[in-house]
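For reference, the structure discussed in these notes is given below.
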Amino acid sequence: MKSHLTLANGVRYAVILIAVIAALFPVAWMATMAFKPVAEWTTTVQDLTWLPKEPTFGNYEFIFFGTSDQLIVSLDRSATGPIFASLVTASLGTLIAVVAGTLGAYGVSRFGVGKNLPLGVLQLRLFPPLAVLIPVMIMWAFLGMIDTWWGLSLIYGIVTLPFAFWLMMTFFDEVPREIEEAALVEGCSPWRVFYRVTLPMVKAALATTILFVFILNWSDYVIALLLTRKDWVTIPVYMNALTSAMTGQMYGAKAALGLIAVIPPVILGIIIQKHLVRGLTFGALKQ
């Protein structure tokens, strides 16, 4: 029996190791590509190398300053603007979605506000994205919200609202109502009960929701492509434009920018990591 358990554990760990390697391989390849000179990422498949033979910061110099000694071409603008645009719009969109989703989820979970509201919110994600974005683009153009930070942030908040709403509603349903009723008996107002009693109990779930929604907004491409032109272009749209007639796809520059784009979600995950495990398993176990 013991040998059987040892063999089973060995197989389990081997499967986990293979899954981890498969998940981290694209990240590792991107990290090495970011430091390769142009001659190494424009070569043929047969001549590709795993590690850069002559590591360089030329790709970062290119995306931030628009020129590089390795590349003859130059950029019209640096990556600083798109990075700032992504930070602003993704953060504000997450704030809108989480605040509105949390308040709406609490109202439905505790007071039964809008019996058909959960299904109505979910329908925001049931339609094909392009079928929704085309009329939104026309509306945003009429309101002068195309290529603006508030226009992009607002649509990000609306699009990711269903995720925040349904996640938080599930978490609120797991909180015992007796605790809130006891606080009401002690003289707390409903708003005070929500702010001082219920919300601290679901802070782990709230942290998980914030991270999930932020990643969705941060990695969006289609919405930003349709609703931005020049001033508030985000990282994914800017990255897609990194091409030239001489080198084709600028894989080194894209890898360098991609490595930078990974940083904000990772930092956010580290900040709230103590809440993530609890948030991801909230309500999974019941007595």
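The values are calculated or read from the model by the stated rules, or taken from the named source; none is laboratory data. In this text the structure is predicted, and so the values were computed from the model without any measurement. Cβ coordinates were reconstructed from backbone atoms using ideal geometry, including for glycine residues, and neighbour counts include every protein chain displayed.
Computed values, structure above
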quantity: Helices (runs of 4 or more DSSP H) enclosed by segment 117-180 - at least 2 residues per element that are of a type in the set (Gly, Ala, Ser) and surrounded by fewer than 16 Cβ atoms within 10 Å (Cβ to Cβ); calculated: 129-142
quantity: Positions within segment 87-116 being surrounded by fewer than 14 Cβ atoms within 10 Å (Cβ to Cβ) and either β-branched (Val, Ile, Thr) or not assigned by TED's automatic domain parsing to the domain that holds ILE263 (or both), in sequence order; calculated: VAL99, VAL113
quantity: Flag for ALA205 being out of contact with any Asp or Glu (no Cβ under 8 Å at 6 or more places or on another chain), among the small types (Gly, Ala, Ser) and crowded, with 16+ Cβ neighbours inside 10 Å; calculated: yes
quantity: Qualifying positions in segment 206-248 - at pLDDT 90 or above and acidic (Asp, Glu); calculated: ASP220
quantity: Segment 221-231 - residue that is touching a helix residue (DSSP H, G or I) at 6+ places or on another chain (Cβ under 7 Å) and in a loop (DSSP other than H, G, I, E, B) and, of those, nearest to ILE146 (Cα to Cα); calculated: THR228
quantity: Evaluation of LYS115 against (1) modelled with pLDDT under 85; (2) touching a helix residue (DSSP H, G or I) at 6+ places or on another chain (Cβ under 6 Å); (3) not hydroxyl-bearing (Ser, Thr, Tyr) (one fails), failing number; calculated: (2)
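Yes or no, residue by residue, for (1) at pLDDT below 90; (2) farther than 30 Å from LEU122 by Cα; (3) of a type outside the set (D, E, K, R):
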site: HIS4; (1), (2), (3): yes, yes, yes
site: THR42; (1), (2), (3): yes, yes, yes
site: PHE57; (1), (2), (3): yes, yes, yes
site: ASP69; (1), (2), (3): yes, yes, no
site: ILE72; (1), (2), (3): yes, yes, yes
site: GLY93; (1), (2), (3): no, no, yes
